[in-house]
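K.L.:
Here you go, one structure.
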């Protein structure tokens with residue numbers, strides 16, 4: 001009689017049920033293996049889950065960092081944008097102030113041009129001495145600020161809205177358009193006005209109105225007189241100005257020296273040609289300081305008082321010739 005076989009406690013039998021009509025299949029496996037396989041699977045799944053959890057946490061932390069960085073950048077951009085807007089607003093205000101100041105200056109320039117036009121119309125064809133009036137039409141009407149001067153400002157702070165800035169910018173734009181139109185008009189008119197002004201100034205500077213000596217003591221007038229040498233009636237073509245020997249003689253007006261000469265009657269003398277057919281003559285000089293062909297300025301020293309030629313003592317014989325005819329110089333002299 002056979003002895004009964006005791007089951008192995010370390011082994012397990014697995015029954016695999018098959019299709020109907022087929023016997024079940026038995027599989028004998030080690031009990032530790034049966035337990036280890038699900039345990040390994042559970043551990044693997046747990047490890048995967050933990051790994052995914054860690055990766056997820058890292059991803060979330062990274063995304064949170066990126067989001068925080070983006071928020072900081074966005075805040076910086078917004079801050080920069082606000083600062084830029086404020087700068088633009090201040091620039092618009094400054095530009096508006098500059099445009100208004102420029103408009104005021106251009107208006108004053110236009111007024112000066114109008115005064116210059118009136119001056120030219122009044123004195124352009126006149127023989128009067130009005131050069132000082134021309135120089136008075138300077139830019140004294142244009143107040144030029146000293147950049148180093150510290151000027152005070154103040155007042156209540158009143159905030160401006162965006163629509164007010166837009167309106168200010170639009171107004172400034174209109175002002176610049178208006179200034180461009182004014183500049184276009186000036187470009188047409190000013191060169192002609194300046195040309196006429198230069199012609200007028202040349203005419204005025206060429207008008208013999210400057211007293212030719214330091215002394216203003218007349219010893220003989222223009223016209224008929226008793227000749228100092230013969231005692232007979234004679235015509236005196238100029239005026240005699242008593243002065244000291246060697247005193248400077250000044251050009252009565254700007255012009256070109258056309259004659260420097262000497263003879264028994266005139267002594268040493270100079271003739272200067274001026275605009276408008278005028279000439280000024282300077283006789284009885286002791287010294288001539290210019291040469292023929294020289295262009296001289298009004299008031300320039302051209303010689304010295306003397307007693308040469310037909311003269312009884314140191315003096316200057318001064319005369320003006322207009323279109324070949326002598327005229328009384330006194331109405332010209334200041």
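Bear in mind that the values in this text are calculations on the coordinates, not laboratory data. These numbers were taken from a predicted model, which means no experiment stands behind them. Here Cβ is always computed from backbone atoms with ideal geometry, including for glycine, and neighbour counts include all displayed protein chains.
K.L.:
Hey, with R₀ at 41 Å, roughly what FRET efficiency would residue 291 and residue 183 work out to, going by the Cβ-Cβ distance, to 0.05?
P.N.:
Working: r = 46 Å, r/R0 = 1.13.
Result of the calculation: an efficiency of 0.35.
K.L.:
Would you please classify the overall shape of region 214-280 from the alpha carbon gyration tensor, given that a ≥ b ≥ c denote the square roots of the eigenvalues, rounded means a/c under 1.5, and beyond that prolate means a/b larger than b/c while oblate covers the rest? If you can, show how the numbers build up before the last one.
P.N.:
Details: a/c = 1.70, a/b = 1.48, b/c = 1.15.
In terms of gyration-tensor shape, prolate.
K.L.:
How big is the Kirkwood radius of region 217-327, worked out from every pair of different alpha carbons and given in Å to one decimal?
P.N.:
Numbers: mean 1/r = 0.0714 Å⁻¹.
Radius from the Kirkwood sum: 14.0 Å.
K.L.:
Run the paramagnetic zone check for residue 229: 7 angstrom along Cα to Cβ, then residues of region 245-270 with backbone nitrogen under 12 Å.
P.N.:
From region 245-270, the list is 263-267.
K.L.:
Next question, about the same structure. With a cut-off of 8 Å between alpha carbons and a minimum separation of six or more residues, what is the relative contact order of region 217-327 in percent?
P.N.:
29
K.L.:
A follow-up question, please. Simple spin-label model, 7 Å along Cα-to-Cβ: residue 117 to residue 101 in nm?
P.N.:
Using points 7 Å along Cα→Cβ, the separation is 2.9 nm.
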